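Okay, structure first, notes after.
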Amino acid sequence: MSRLPSGSPQGTEGGVSAYRGRFAPSPTGPLHIGSLVAALASFLDARAHRGAWIVRIEDVDGPRTVPGADDDILATLARLGMHSDEPPVWQSRRFPAYEAAFERLRAAGFVYPCGCTRREIADSLLNAHARHATLAYPGTCRDGLHGRAPRAWRLRVPDGDAARVSFVDRWQGVQSQDLATEVGDFVLKRADGQWAYQLAVVVDDDDARITHIVRGADLLDSTARQIYLQQCLHVTTPDYLHVPVVTNADGEKLSKQTGAMALNLDDPVATLAAAARHLGIEMPPPGSLDAFYSAATAEWAKRFGPP
Ligand code: GLU
């Protein structure tokens with residue numbers, strides 16, 4: 001299934017842009033400079049397009065969710081002058097929507113139960129690695145559970161040429177991934193009963209009529225899966241822009257585990273200016289939040305604004 005989605009309509013009706021963007025933090029801890037860069041990029045892109053910007057709390061992964069982190073993130077965004085244009089969405093309140101999408105995929109024959117344990121998959125990947133073969137899920141349960149109990153549910157990806165998904169990223173350029181050899185049939189419902197991020201994100205972006213996704217490049221690798229899922233569900237593929245991730249001195253993506261420091265909220269403008277620098281936006285220190293956003297939006301619009 002090789003195609004280059006060229007984006008969704010960006011028409012304006014009565015001066016109101018059809019653009020709808022979002023920031024989708026996982027509430028696993030406070031916002032740090034890495035996640036702030038993604039938040040700021042999505043916010044500036046929405047402003048440059050005079051569109052809506054919506055916050056979605058991605059607490060689909062129950063075990064990783066830290067109680068209170070959602071409120072903390074929303075308060076930090078507010079302190080930095082970023083307010084969701086619509087009430088924030090919590091994934092934990094949207095399970096029926098994921099169930100409905102999953103049932104559609106199941107009825108259409110796209111999903112199958114998988115009885116493999118993590119250990120078995122890891123072992124087979126290790127063997128494959130030793131043979132310099134693919135690291136994709138080997139498809140053990142594609143044709144049946146071989147007498148084992150179902151654990152996770154996987155989406156069947158196409159074989160051959162149809163497995164290649166390509167798209168144009170507004171920052172990173174042309175991207176292409178072979179789902180069969182690089183990913184394999186991927187999990188939509190986990191063995192612990194939790195909905196997988198890949199399904200939740202596609203259902204949520206579609207239900208919120210998101211036209212533009214702006215996020216960190218650590219998710220570039222997930223995008224082909226999400227586009228394929230959109231095709232299976234017959235929903236629109238949004239435009240994508242992945243910003244470079246912020247790394248520490250060892251080149252690791254910044255997170256609480258890799259030493260991200262708490263944001264300085266006593267000086268919001270300086271904190272935002274630091275995040276803007278990671279996006280290649282250099283400007284004289286602006287005095288107020290409003291001045292920062294006007295200048296930063298103008299800079300962003302020069303590179304990524306509407307034609
Ligand atoms: N929740 C994901 C994260 O915090 C972002 C998902 C997305 O933007 O699609 O890394």
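Counting only strands (runs of 3 or more DSSP E) that sit wholly inside the stretch 143-236, those with at least 2 residues that are within 14 Å of the ligand (Cβ to nearest atom) and either touching a strand residue (DSSP E or B) at 6+ places or on another chain (Cβ under 7 Å) or at negative phi (or both) are 212-216.
State all residues of the stretch 111-145 that are exposed (fewer than 12 other Cβ atoms within 10 Å of the Cβ) and either modelled with pLDDT under 85 or of a type in the set (Ser, Thr, Tyr) (or both); if no residue qualifies, say none. Arg118, Arg119, Ala122, Leu126, Asn127, His129, Ala130, Arg131, His132, listed by residue number. The set of residues in the stretch 67-84 being in a loop (DSSP other than H, G, I, E, B) and farther than 26 Å from Ala296 by Cα consists of Pro67, Gly68.
Which members of the stretch 237-256 meet the condition of being outside any loop (DSSP other than H, G, I, E, B), more than 12 Å from the ligand (Cβ to nearest atom) and buried (at least 21 other Cβ atoms within 10 Å of the Cβ)? Within the stretch 237-256, just Asp239 meets the criteria. Of the residues making up the stretch 190-206, just one is crowded, with 21+ Cβ neighbours inside 10 Å and in contact with a Pro (Cβ under 9 Å, 6 or more places away or on another chain), namely Asp205. Can you pull out the residues in the stretch 14-52 that are within 19 Å of Ala78 (Cβ to Cβ), in a strand (DSSP E or B) and away from the ligand (no atom under 11 Å from the Cβ)? Ala52, the sole residue that qualifies.
Yes/no per residue for (1) under 17 Å from the mean Cα position of the chain (by Cα); (2) at pLDDT 95 or above:
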{"site": "Val174", "(1), (2)": "no, yes"}
{"site": "Val183", "(1), (2)": "yes, no"}
{"site": "Lys189", "(1), (2)": "no, yes"}
{"site": "Asp192", "(1), (2)": "no, no"}
{"site": "Ala200", "(1), (2)": "yes, yes"}
{"site": "Asp207", "(1), (2)": "yes, yes"}
{"site": "Val214", "(1), (2)": "yes, yes"}
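Could we say that Ser222 is touching a helix residue (DSSP H, G or I) at 6+ places or on another chain (Cβ under 8 Å), under 23 Å from Thr65 (Cα atoms) and touching a residue at least 40 places away in the same chain (Cβ under 8 Å) here? Spelling it out, it is not the case that Ser222 is touching a helix residue (DSSP H, G or I) at 6+ places or on another chain (Cβ under 8 Å), under 23 Å from Thr65 (Cα atoms) and touching a residue at least 40 places away in the same chain (Cβ under 8 Å).
The values are calculated or read from the model by the stated rules, or taken from the named source; none is laboratory data. The shown structure was predicted, so the numbers you read here are calculated from the model rather than taken from an experiment. Here Cβ is always computed from backbone atoms with ideal geometry, including for glycine, and neighbour counts include all displayed protein chains.
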